[in-house]
Amino acid sequence: MFAALARVVVRHPWWTILAWLVAAVAIIALSPALKTESDQSEFLPSEYESVQAAEIAARAFPQQAEMSALIVVQRSDGRPLTPADSEKIAQAAQTMTANVKKYATVQGFVTNEQAVAPNRSIQLITVPMSLVAGQQEGKKQSQAIKDIRADLPGVLGPTLQAKVGGEIATFVDNEDSFTQSFAIVSIATFVLIIGLILLIFRAPLAAVLPIIVIAATEQVSMGLIGTAAKLLDFSGDDSLQIILTVVLFGIGADYYLFLLFRYRERLRAGEDRKTALISAVERVGEVITSAAAAIAVTFLVLMLASFEIFAAWGPSLAIGVVTMGITSLTLFPAILSLLGTAVFWPSKSWRRQPKGTASARLGALVGRRPAAVALGAAVLLGALAVGSLNFKSDYDFQASFPRDTESAQAAKDMLKGFPAGQTTPVEVIVRSTDGRPLTAEQLNAFGQRAGSLEGVGAVQPAEISQTDPTVGRVNLILKGNPNSNDSINLLKDELGPAVHKIAPQGTEVKVGGATAIYRDINKVVNRDLSVILPVAGVLIALILLALLRSVVAPLYLVPAVLLGFAATLGSAVYVFQGLKDQPGEIFHLPIMLYLFVLAIGTDYNILMTARLREEAREGNEPRRAAALAVEHGGPTVAAAGLILAGTFSVMLLAPVSMLQQMGFSIALGIALSAFVMSIFLVPGITALLGHKAWWPGHGDEPKAPKAVPAAGEEPAPEAAGRV
């Protein structure tokens with residue numbers, strides 16, 4: 001099949017390129033845009049308590065602002081606020097409310113006696129704001145925060161100073177950090193791909209070609225994803241575009257290198273440029289198809305996730321991977337067919353077979369001592385994997401951003417007079433079960449009892465819905481950081497159950513708010529990982545079974561990939577929870593490692609295993625086959641792994657610690673997959689097992705006996721170039 005495809009694409013390059021362009025234009029022009037959501041609670045299943053609480057609150061308290069900013073006011077000299085200061089703050093709030101139309105989406109400026117800290121160090125002005133959709137509306141809201149900050153000094157006077165914080169202000173302040181971080185990653189991706197390919201091949205055309213083709217493929221993929229989202233009724237989150245970009249540039253560069261390395265190898269074996277390219281496509285076609293299928297299937301397993309962010313990533317990323325696989329077997333070869341050996345210009349190294357290379361020495365080591373090599377790699381990965389047992393999730397996104405922004409300083413100042421959870425209360429929804437309206441006495445008594453529970457620092461005044469008097473709300477202010485592991489575990493294990501026990505007679509309670517949402521996200525992510533990892537392992541095993549026609553090989557290849565996943569997670573624990581003494585890693589780090597280490601890391605194992613089989617088919621005994629596979633497959637794996645790991649490692653330069661964790665962990669995971677598993681562990685085990693690795697099939701049976709040249713004869717070009 002791949003031989004036929006190779007002949008069509010290589011011999012008819014213009015028709016191939018034209019067909020690809022027509023399809024691309026049609027898809028991009030006709031496909032709808034993908035809808036995205038920013039609020040992570042939108043992706044939780046409806047059976048979770050925090051979602052049910054939010055749904056009840058939305059119906060019972062429709063006047064409630066969906067988001068808010070918070071102005072923290074204090075005296076410029078640091079002394080306690082006087083009654084006159086509080087009066088001036090109230091007047092300022094009234095003045096700004098009178099001009100509220102100036103500030104897009106702002107509903108008003110609210111302050112009262114309860115907004116003054118008990119120690120009178122600060123006073124709060126709450127700024128309720130409507131939730132907006134669309135980039136333009138978001139810009140208007142961001143501008144409103146900037147305008148409020150500009151106007152506050154004028155309405156407060158010189159004796160008072162204010163800082164604007166809260167949800168919206170934090171987003172505005174951190175937007176630049178994210179934009180800067182993603183710009184760094186994008187630029188670094190291009191620079192690394194171009195720079196490393198230039199270093200390897202010393203050819204400008206070879207370096208620039210993948211950037212152009214992969215960028216075009218990404219646009220086609222986004223069109224297809226938009227169509228799929230409309231048909232399957234799903235929406236993505238704001239991070240999907242970034243993840244898709246990294247995935248496509250990662251695997252696209254990998255597949256391009258698989259093809260280009262093999263093309264150069266066939267040229268060095270003496271084949272003409274058309275024959276060499278056909279041979280290259282034929283030989284790597286099965287590898288690329290199997291690798292793309294394994295990654296796509298692994299991504300599709302995310303559709304089993306209950307957390308809808310992950311479920312939306314599944315089909316989206318799978319579509320991108322399949323599109324990239326098709327591009328790699330059609331558009332890349334067609335362009336290379338037109339360029340021919342000019343793709344390597346001005347270098348002429350493609351004509352010479354290098355000798356005494358580092359990969360040859362590594363191959364000889366693996367072939368000579370496979371047991372020691374495999375054991376050393378396994379021990380290293382195992383030692384790193386032990387750290388994963390201590391993994392802790394961290395949900396405090398705000399702490400990962402720079403601490404010198406105005407919103408971060410406002411949050412710090414607020415702690416002078418209020419509990420840490422003041423701006424992010426635990427929202428307890430109380431609903432009558434017998435149809436009787438709730439009374440203020442009921443809710444106040446409930447609030448008093450709740451205020452004495454462990455971890456509660458204060459209780460806000462109770463509210464009864466004006467539209468549905470059977471529903472009320474009591475907000476509990478936590479003493480600790482509401483986004484911390486301690487608060488989430490407190491709510492899950494102690495506070496939540498205690499609140500349910502003290503519910504007024506004839507009522508039921510639903511616990512909501514950000515802390516409850518994170519509690520439920522914790523539950524759903526743990527559930528999803530327990531389902532996704534085993535199912536992905538089984539499916540990868542089936543793909544390897546189909547590719548290698550062996551039952552034995554998947555039995556060590558799949559555990560090797562899972563061991564690499566655990567080793568990567570453990571390394572993150574050692575570095576961030578250990579050396580850097582952070583409370584934990586971002587909660588979705590295991591899923592990110594699943595995407596990039598488990599899925600993409602499988603690429604390298606498939607390439608190396610296919611090469612091991614190919615070398616065995618050439619009549620080499622197992623240890624010799626392992627040595628040759630590492631010698632000639634190792635550079636491809638190393639180059640591909642280096643590009644992808646290098647791209648992620650640049651995220652360490654980002655000013656956001658969340659991105660630093662992702663960058664370090666994923667870069668290390670890719671490096672372990674490429675340089676430890678694929679070059680040492682897998683070839684070492686395969687060499688040790690020998691012919692048993694391919695049982696019950698005959699994957700390593702020689703295709704034909706090697707021709708032995710007569711005395712004085714030179715070996716045939718194919719025999720001389722085959723390694």
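The values are calculated or read from the model by the stated rules, or taken from the named source; none is laboratory data. In this text the structure is predicted, and so the values were computed from the model without any measurement. No Cβ is skipped: glycine too gets one built from the backbone with ideal geometry, and neighbour counts run over all protein chains shown. Just the protein is used for accessible areas: all its heavy atoms, side chains included, with ligands, DNA and RNA removed. Shrake-Rupley method; radii C 1.70, N 1.55, O 1.52, S 1.80 Å.
I'm checking my understanding of the structure. Among residues of the range 415-442 that are more than 43 Å from the chain's Cα centre (by Cα) and of a type outside the set (S, T, Y), which one is surrounded by the most Cβ atoms within 10 Å (Cβ to Cβ)? Taking the candidates together, the pick is L438. The requirement of being under 21 Å from S388 (Cα atoms), open to solvent by 10 Å² or more (accessible area, probe 1.4 Å) and among the hydrophobic types (A, V, I, L, M, F, W, C) is fulfilled nowhere in the range 606-614; no residue meets it.
Residue-level analysis places T179 outside the set of residues that are buried (at least 21 other Cβ atoms within 10 Å of the Cβ), modelled with pLDDT under 90 and not in a strand (DSSP E or B).
So that you can scan it fast, the table gives a plain yes or no per residue for (1) more than 19 Å from M222 (Cβ to Cβ); (2) buried (at least 19 other Cβ atoms within 10 Å of the Cβ):
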residue: E271; (1), (2): yes, yes
residue: R283; (1), (2): yes, yes
residue: I309; (1), (2): no, yes
residue: G320; (1), (2): no, yes
residue: I326; (1), (2): no, no
residue: L329; (1), (2): yes, yes
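Listed by first and then second residue, the pairs linking a residue in the range 291-305 that is within 14 Å of L248 (Cα to Cα) to a residue that is in a helix (DSSP H, G or I) and open to solvent by 40 Å² or more (accessible area, probe 1.4 Å), with Cβ atoms under 7 Å apart and 6 or more places separating them unless they lie on different chains, are A292/V322; A296/V322.
Among the residues of the range 535-584, the ones that are under 30 Å from N485 (Cα atoms) and not in a helix (DSSP H, G or I) come to 5 in all.
Test P554 against the stated conditions and say whether it is over 30 Å from A53 (Cα atoms) and under 22 Å from the mean Cα position of the chain (by Cα).
no
Exactly one condition in (1) touching a residue at least 40 places away in the same chain (Cβ under 8 Å); (2) farther than 18 Å from V51 by Cβ; (3) assigned to a helix (DSSP H, G or I) is false for T515; which is it? Here T515 meets the rest and fails (2).
Scanning the range 80-98 for residues that are open to solvent by 80 Å² or more (accessible area, probe 1.4 Å) and over 25 Å from I477 (Cβ atoms) turns up E87, Q91, Q94, A98. Total residues in the range 349-400 satisfying the condition of being open to solvent by 20 Å² or more (accessible area, probe 1.4 Å) and in a loop (DSSP other than H, G, I, E, B): the figure is 11. On inspection, G619 qualifies as open to solvent by 10 Å² or more (accessible area, probe 1.4 Å), under 26 Å from V552 (Cβ atoms) and at pLDDT below 90. The condition (being open to solvent by 10 Å² or more (accessible area, probe 1.4 Å), among the polar types (S, T, N, Q), in contact with a strand residue (DSSP E or B) (Cβ under 8 Å, 6 or more places away or on another chain) and in contact (Cβ under 8 Å) with a residue 60 or more places away in the chain) is satisfied by just one residue among N485, N475: N485. Looking only at residues of the range 88-107 that are in contact with a strand residue (DSSP E or B) (Cβ under 6 Å, 6 or more places away or on another chain) and under 24 Å from K140 (Cβ atoms), we find that the one that is modelled with the highest pLDDT is A93. Kindly indicate whether any position in the range 604-615 is in contact (Cβ under 8 Å) with a residue 60 or more places away in the chain, aliphatic (A, V, I, L, M) and closer than 30 Å to F307 by Cβ. Checked the range 604-615: at least one residue is in contact (Cβ under 8 Å) with a residue 60 or more places away in the chain, aliphatic (A, V, I, L, M) and closer than 30 Å to F307 by Cβ. Based on what the data block shows, is L688 open to solvent by 10 Å² or more (accessible area, probe 1.4 Å), touching a residue at least 12 places away in the same chain (Cβ under 8 Å) and closer than 30 Å to V552 by Cα? The answer is yes for L688.
Anything in the range 530-588 that is open to solvent by less than 60 Å² (accessible area, probe 1.4 Å) and of a type in the set (S, T, Y)? List them, or say none.
If the condition is that a residue be open to solvent by less than 60 Å² (accessible area, probe 1.4 Å) and of a type in the set (S, T, Y), then S550, Y556, T568, S571 are the ones that fit.
In the range 488-528, the qualifying residues are those that are of a type in the set (K, R) and touching a helix residue (DSSP H, G or I) at 6+ places or on another chain (Cβ under 6 Å), and the one that is surrounded by the most Cβ atoms within 10 Å (Cβ to Cβ) is R519. Kindly establish whether G340 is among the small types (G, A, S) and on the phi > 0 side of the Ramachandran plot. Judged against the criteria, G340 is a match. Taking the numbered list (1) open to solvent by 40 Å² or more (accessible area, probe 1.4 Å); (2) in contact with a Pro (Cβ under 8 Å, 6 or more places away or on another chain) in turn, P118 passes all entries but (2). Restricting the first member to the range 76-98 and to residues that are within 14 Å of T159 (Cβ to Cβ), and the second to residues that are in a helix (DSSP H, G or I), the beta-carbon pairs closer than 6 Å and six or more apart or on different chains are A92/V155; A92/L156. Residue pairs whose Cβ atoms lie under 8 Å apart, separated by 6 or more positions or on different chains, with the first residue in the range 341-355 and closer than 17 Å to G270 by Cβ and the second open to solvent by less than 40 Å² (accessible area, probe 1.4 Å) and charged (D, E, K, R), are F344/R264; W350/R264.
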